[in-house]
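The values are calculated or read from the model by the stated rules, or taken from the named source; none is laboratory data. If you're wondering where the values come from, they're calculated on a predicted model, not measured in any experiment. Note that each Cβ is placed from the backbone with ideal geometry, even for glycine, and that neighbours are counted across all protein chains shown. Side chains included, ligands, DNA and RNA excluded: accessible areas come from the protein's heavy atoms. Shrake-Rupley method; radii C 1.70, N 1.55, O 1.52, S 1.80 Å.
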Amino acid sequence: MRAIGRDGSTRPELVWAPPYRPTALAAAQDEARKLGLPNPLPARSSDVDPIKWVDIGFWIRPDGKTDEPEILRGSRSTGWAGYLLKQVSERRYTGFSSSSTDRGVYRVERFTLRGTYQVPVGSLIARRGGAARLEVLDLTQPDTSASSNRS
């Protein structure tokens, strides 16, 4: 594993990451579905489920470990995303060669939490309101790297 990505021409590749934790609603609905029980919290026509998002920036060090994950920006409330910082900090990427002053590669990813489309009880219009699903998008420019003196 240590030899993967050491040629210097490739970007660090994700080798391992802990699983994303499901939301409480998604976990409850999944358990009910497994046991053949009805949905514990069916969507209603008056429910509003806004899309939540955060951009998380972090360093990938030459040894493949992540460092200094932080929420850069996001929707109104970013408190829901605290567990994502822990998930990012435990990731492992392929190592790469660098000079002794090189801090590594800086990466920015957008995490979006949005409900799935469904027709709620009492409505005929499909809308987002089902169990939330997490989507991840890499916003980093290709071959982005910085030295330790860059802030």
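Could you list all residues from region 98-126 that are touching a Pro at 6+ places or on another chain (Cβ under 7 Å) and either under 23 Å from Ala24 (Cβ atoms) or surrounded by fewer than 18 Cβ atoms within 10 Å (Cβ to Cβ) (or both)?
Once the filter is applied, which keeps residues that are touching a Pro at 6+ places or on another chain (Cβ under 7 Å) and either under 23 Å from Ala24 (Cβ atoms) or surrounded by fewer than 18 Cβ atoms within 10 Å (Cβ to Cβ) (or both), region 98-126 yields Ser98, Asp102, Val121.
I'd like to check something: does region 49-57 contain any residue that is open to solvent by less than 70 Å² (accessible area, probe 1.4 Å) and at pLDDT below 90?
For region 49-57, residues open to solvent by less than 70 Å² (accessible area, probe 1.4 Å) and at pLDDT below 90: present.
Spot the failing condition for Ser75; the list is (1) open to solvent by less than 60 Å² (accessible area, probe 1.4 Å); (2) at pLDDT 85 or above; (3) over 16 Å from Ala132 (Cβ atoms), and only one is missed.
(3)
For the subset of region 124-142 comprising residues that are of a type outside the set (A, V, I, L, M) and modelled with pLDDT under 90, which member is farthest from Val108 (Cα to Cα)?
So the residue we want is Arg127.
Counting only residues that are at pLDDT 80 or above and open to solvent by 70 Å² or more (accessible area, probe 1.4 Å), how many does region 16-48 have?
The total comes to 9.
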